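K.L.:
Quick one: the structure is below, and I'll ask about it shortly.
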Amino acid sequence: MSKDMIKSILEASASDLQLSAILDEAREYAYVYALARQRHKGCEGTGELMTLKEEFRDVVDKVIQYSQEKKYISEVISYDIDLVADEIVKYQNLF
């Protein structure tokens, strides 16, 4: 998932209440995961961090699926979950 794709989803959420609600959940997970990742540098394999990562990945998959169904984005082959977290946290104050 590219930065442009993330931005497109965030922009679409301004006029789609359901997407906005899903993104609110994703923002919470992104913030918690990004913060935990920073605090646990070098401990990426720990159980707690892996659990946060998987929970965040689940909500990102939900955002992607909904966005594809609504044609906000095209098919996503793969994505870097760390990049997605950083981008959502970065853009959270813009929308």
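Read-outs throughout are calculated quantities, based only on the coordinates presented, and are distinct from any laboratory measurement. What you see is a predicted model, and the numbers here were worked out from it, not measured in a lab. Here the Cβ positions follow ideal geometry from the backbone for every residue, glycine too, while neighbour counts run over all protein chains shown.
K.L.:
How high is the relative contact order of the chain, given as a whole-number percent (alpha carbon pairs under 8 Å, six or more residues apart)?
P.N.:
About 47 percent, as a whole number.
K.L.:
Given R₀ = 22 Å, what would the calculated FRET efficiency be for Gln38 paired with Asp58, taking r from the Cβ atoms and rounding to 0.05?
P.N.:
0.55
K.L.:
A follow-up question, please. Give or take rounding to whole Å, what are the principal axis extents of the alpha carbon atoms in the chain, in descending order?
P.N.:
38, 27, 20
K.L.:
Also, I was wondering about something else. What residue among Arg57, Arg39, Arg27 has the largest mean-square fluctuation in a Gaussian network model of the chain, using Cα springs under 10 Å?
P.N.:
The residue with the greatest mean-square fluctuation here is Arg39.
K.L.:
How large is ³J(HN,Hα), in whole Hz, for each residue of segment 80-85 in order, when computed from phi with the Karplus curve 6.51 cos²θ - 1.76 cosθ + 1.60 and θ = phi - 60°, using x for Gly and Pro?
P.N.:
Coupling constants for segment 80-85: 9, 4, 5, 5, 4, 4 Hz.
K.L.:
Another question, then. Among Val32, Val60, which comes first, then next, by fewest other beta-carbon atoms within 10 Å? Please report the intermediate quantities before stating the final value.
P.N.:
Values: Val32 15, Val60 23.
By the 10 Å Cβ count, ascending, the order reads Val32, Val60.
K.L.:
Total Lys pairs in segment 3-91 closer than 16 Å by alpha-carbon, pairs eight or more apart in sequence or interchain only? Walk me through the numbers before you get to the answer.
P.N.:
Working: Lys3/Lys90; Lys7/Lys70; Lys7/Lys71; Lys7/Lys90; Lys41/Lys53; Lys53/Lys62; Lys62/Lys70; Lys62/Lys71.
The number of close lysine pairs in segment 3-91 is 8.
K.L.:
Something else: Using the basic label-point model (7 angstrom from Cα toward the beta carbon), what is the Thr51 to Tyr79 distance in nanometres?
P.N.:
Simple spin-label model gives 2.4 nm for this pair.
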